[in-house]
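Values in this text are rule-based calculations from the coordinates and carry no lab data. This is a predicted model, so every value here is computed, not measured. Here the Cβ is made from the backbone with ideal geometry for all residues, glycine too, and neighbour counts use every protein chain on show.
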């Protein structure tokens, strides 16, 4: 059996890797190939192309990368025609994966979309119907997503959220603190700028300045930056000077689990921190053009009252959301200190996170997804 994969970003690469492991348990003879990055390559997938370094958030931010992404899209179609896979397995990355799915449909190749387009959340009824008509099998990761695609008459299955299987520290809290800071009792703050170059460039200097302000108020505080790859850590070191948080690669969940607070770029990491019960702050900063388009043309703010997935799922403001102008060092530090110095606020957040976990289903999600794909 041949399965062609398409995972265009670091997060998709990670999700795809866990799924490949489970698929191999069911059929060790599957040949996996296609679009991916470091994690899939390490898992033995024949990665032909890698566009993970081109990942961006926002419309204006994506413009410089459109040509290389389009050229990769054309190469993937040629590869599809040559290899004639039994299945095209799409993971996240709607921008390249929906056109690939459309091409696969014309070629008579079955498609499964895992971490499907979030049209149900940010998009339109027309967008939901387009995904429903194009994809042979959608794997929903949220109950509301499942309902939306089912209403559009999609072939959709829901098994829970895969992060329940993935978000697992390898160290207990005390051991992680000792390993990464040399201490067990000092407050630990995780600074999480995101994995994309754009996020590191735009957010990391702000987070570092916020860290300096927090350090003045809590001198004993320790700061950690989790890195998804060695390449990301190299970029991070370009911004570190007098204030020197420790940057660590490959231990994101150990760091989040050890932290008293995580200050995060908007994204999956807010959900990951919340699953671990770690109080967190969402920081969201885009170019003014992208923000204007999203707010005034796409009307995203009118569709949803919140930006972060924990707040969206809980339907109330469980974690602070600092967007655009509010995403400045002084405001971030003030929010962080309010949480760190108020145990009752920390407990309130943790209670909300317990409710959040119950909304994500039961563990064993990825195994159930794999069995569904094989069937």
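Annotation: for a label point projected 7 angstrom from Cα along Cα→Cβ of residue 107, residues of the stretch 4-45 with backbone N closer than 16 Å are 4-7, 31-36. Measuring nothing but how far apart in sequence close Cα pairs (under 8 Å, 6+ apart) lie, relative to its length, the chain scores a relative contact order of 16 percent. Taking only the C-alpha atoms of the stretch 99-143, the Rg (one decimal) and the largest Cα-Cα distance, Dmax (whole number), read 10.6, 31 Å. Normalised by 2.2 N^0.38 Å, where N is the number of residues, the C-alpha radius of gyration of the stretch 67-180 stands at 1.32. Assign one of three labels to the chain, namely rounded, prolate or oblate, based on the Cα gyration tensor with a ≥ b ≥ c the square roots of its eigenvalues; rounded applies when a/c is under 1.5, prolate when it is not and a/b is larger than b/c, and oblate otherwise. Prolate, since a/c reaches 1.5 and a/b exceeds b/c. Taking only the alpha carbons of the stretch 158-251, we obtain Rg and Dmax values of 14.6, 48 Å in that order. Footprinting exposure proxy ranking of 10, 91, 283, fewest other C-beta atoms within 10 angstrom first, gives 10, 91, 283. Using only Cα atoms, tell me the angle between helix 365-374 and the longest principal axis of the chain; keep it within 0 to 90° and round to the nearest 10. Once rounded, one gets 10 degrees. Packing, as the average of other Cβ atoms within 10 Å across residues, places the peptides 255-268, 112-125, 339-352 in the order 255-268, 112-125, 339-352, highest first. Max-minus-min Cα coordinates of the stretch 193-248 on each principal axis give 31, 20, 16 Å, with the largest extent listed first.
For the peptides 231-239, 189-197, residues were scored by their other Cβ atoms within 10 Å and the scores averaged per peptide; the highest-first order is 189-197, 231-239. The label point for residue 371 and the one for residue 348, both projected 7 Å from the Cα toward the Cβ, are 4.2 nm apart. Between residue 21 and residue 312, the distance separating the two model label sites (each 7 Å from Cα on the Cα→Cβ line) works out to 2.6 nm. Each peptide among 313-323, 30-40 gets the average number of other Cβ atoms lying within 10 Å of its residues, and from highest to lowest they stand as 30-40, 313-323. Taking Cα atoms only, the orientation of helix 10-26 departs from the longest principal axis of the chain by about 60 degrees. Its residue count N fixes a reference of 2.2 N^0.38 Å for the stretch 1-116, and the Cα radius of gyration divided by that reference is 0.99. Computed from Cα positions, the angle between helix 94-107 and the longest principal axis of the chain comes to roughly 10 degrees. As a proxy for reagent exposure, ranking 86, 13, 136, 254 by other Cβ atoms within 10 Å from fewest up yields 86, 136, 254, 13.
Is the stretch 173-358 best put as rounded, prolate or oblate by its Cα gyration tensor, with a ≥ b ≥ c the root eigenvalues, rounded for a/c under 1.5, and otherwise prolate when a/b is larger than b/c, oblate when not?
Oblate, because a/c is 1.5 or more while a/b does not exceed b/c.
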